[in-house]
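Structure first, then comments.
The values are calculated or read from the model by the stated rules, or taken from the named source; none is laboratory data. Small disclaimer: the values here were computed from a predicted structure and weren't measured. Heads up, the Cβs are rebuilt from the backbone with ideal geometry, glycines too, and the neighbour counts pull from every protein chain shown. Accessible surface areas use protein heavy atoms only, side chains included; no ligands, DNA or RNA. Shrake-Rupley method; radii C 1.70, N 1.55, O 1.52, S 1.80 Å.
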Amino acid sequence: MKNLTTRARLILLILASALPALGVSVYNGFEHRRTLETDAREDLARFATLAARKQEESIEGVRQFLFALSASSESLMRSPRDCSEFFRKLVSASDGLYNAMGIHGKDGILLCNAISWSGKVDVNNRRYFRLTADARLFTVGEYQVGRTTGLRGVNFGYPVLNETGDLTGVVFAGMDLAKFNELAARTPLPEGGMLTIFDHEGTIIARHPAAAGRTGEKARNPAVIEALGASRKAVFEADDTSGKARVFAMEPVGINPDGSRPFHVLVTITKDVIFVNADRTLKKNLAGITIAMMLLMLVAWYGSNVVVLQKIQIMLDVARRVHKGDLTARTGFPPNKEELSQLGSALDNMARALEQRDVELQAALKQVQEQAIHDPLTGLYNRRQMEELLSREFLRVQRSGSTFAVVMVDIDHFKRINDTHGHETGDEVLVRIATLLVNAIRRSDIACRYGGEEFLLLLLGASAENAVRRATEVQRSVRNLVLPLRGGATLSVTASFGVAACPEHGTDRDALLRAADQALYRAKNSGRDQVVAAGGAAA
């Protein structure tokens, strides 16, 4: 040590001071790998959730579209030729979203289709048709090759019901797999990530990035097959078919009337992609520590780099917020000649445009939904919407074992009111009764105009005894209602009530409504202005 030059001593001191930094860098590198793996699993789960949400939005869009079509399907079925032309125009206007659309009769025979066909086409063995016909609810099908189109796609079905609630057919739409792959291609993914969408049978219906020949194939990875069978949200690790270690995130999408999940979204990334940045960082740190003492001027460069990174980080933060749905996010960069400021201003303008488009879209969607499910005179739910809500409630009751009740309300001598005082007064009576019913029930309960002078109340969680008590309170409120007429005269009205509860008076929608209607009939035949429960006397 005594014989070493000052230069050698300084070299040894630099090497000695660098050793702890080297040790810390190696330790941090391995810690960074563990952190990246944890973050990657969480990110994959978020990406899978986002992709699943996009698929659910697509399914909901098709459901609302078919719901609207079902309202006019009965009239279309009377003329197969006009019906086919009608659907042909819809498919043509869908920009390739649908490759088929039409109506099957309740026996499964194709009645009309946007695509020309020959011979008899029977879809009784198609799962989506059987589920739709049996449950009388919207159903998502599985991967199939169309019998009339010869094209690969997924069919969606919606029941066509007549005025008495009987099934008369099934309106369907076949979504082209090319559109599924376009939607998948627009789904954000982590760097190096891969998105796959399976149907409920484990068949691939979309892949991003696209892989030639994979669409229509069954899942081959045993770990993926096991996750599909479990049909639940999961994050797991496994080797792919080529032997590479991967992390997978699985997310089920939607639910069919039989409780099955129509789609499953799988997002995956190889573990070497997860660690590539950590390994690169470790190498940089080691090299940086070795040459740090010789490159002091790097500090000045690094300082300028920080200034740049701050603006980039702000823009990344805004982009992430916009990606998550916060369209109010802005960078706030002033417009000037500096490139990053110009990029930030462009990002702000894009977010403003997206925000405006979202507002307009939500307003239009809300208007369409309101028109489809509400009675235009009273503002209450209409009969079709109430029947759908009842069907959903029966499914919920089957899962939870809870109860609910329905109350059928009929205004007494309503025809006499119309004949004596005019339809304008009759409409005013309906509106006043509707307002009274809404004010009399809880916020969790539902009221609808069932038809003419009839209303229906859906009392969630109510027993038969509780429903009778609450219906009696409403009956008394109706009796006390006084409507002013022209010339200072007034009009009093009464109503009759029929009460039925699930499950004691019916375990399906039709049986329960029939029980309530029979109770209402007894109430009217027993003198009106009273409440009668199914299977009992007037309250």
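Just to be sure I understand: of the beta bridges DSSP finds with both ends in the chain, what percent are antiparallel, rounded to 5?
95 percent
Considering the chain, which cysteines have no disulfide-compatible partner, defined as another cysteine with its Cβ under 4.7 Å away?
Those would be C448, C502, since no other cysteine Cβ in the chain comes under 4.7 Å of theirs.
Cα-based Rg (one decimal) and Dmax (whole number) for region 105-255, in Å?
18.0, 59
Taking the chain as the reference, fit the longest principal axis to its C-alpha atoms, fit the long axis of helix 298-323 to the helix C-alpha atoms, and give the angle between the two in degrees, 0 to 90, nearest 10.
For 298-323 against the chain, the angle is about 10 degrees.
Please check the chain for the longest run free of GluC sites (Glu not before Pro) that are loop-located per DSSP (anything but H, G, I, E, B) and have at most 11 other Cβ atoms within 10 Å.
Here the longest segment lacking exposed loop sites spans 192-539.
Hey, can you find the accessible area per residue of the chain for me, probe 1.4 Å, expressed in square angstrom?
Result: 53 Å² of accessible area for each residue.
Report the trypsin sites (Lys or Arg not before Pro) located in region 92-174 that are in a DSSP loop and have at most 11 other Cβ atoms inside 10 Å of their Cβ, or state none.
K120
Whenever you get a sec, compute what percent of the accessible area on the chain sits on carbon and sulfur atoms (1.4 Å probe).
Answer for the chain is 55 percent, counting heavy atoms of protein chains only.
Is there a pair in K54/K271; K106/K415; K54/K283; K284/K324; K54/K218 whose C-alpha atoms are over 30 Å apart, and which pairs would that be?
The answer is K106/K415; K54/K283; K284/K324.
Using modelled amide H (1.01 Å from N, peptide plane; none on Pro or chain starts), what sits under 5 Å from the amide H of A206, excluding residues fewer than 5 places away?
I197
If you fit an axis through the alpha-carbon atoms of helix 423-440 and take the longest principal axis of the Cα set of the chain, what angle between them do you get, 0 to 90°, nearest 10?
With rounding to tens, the tilt is 50 degrees.
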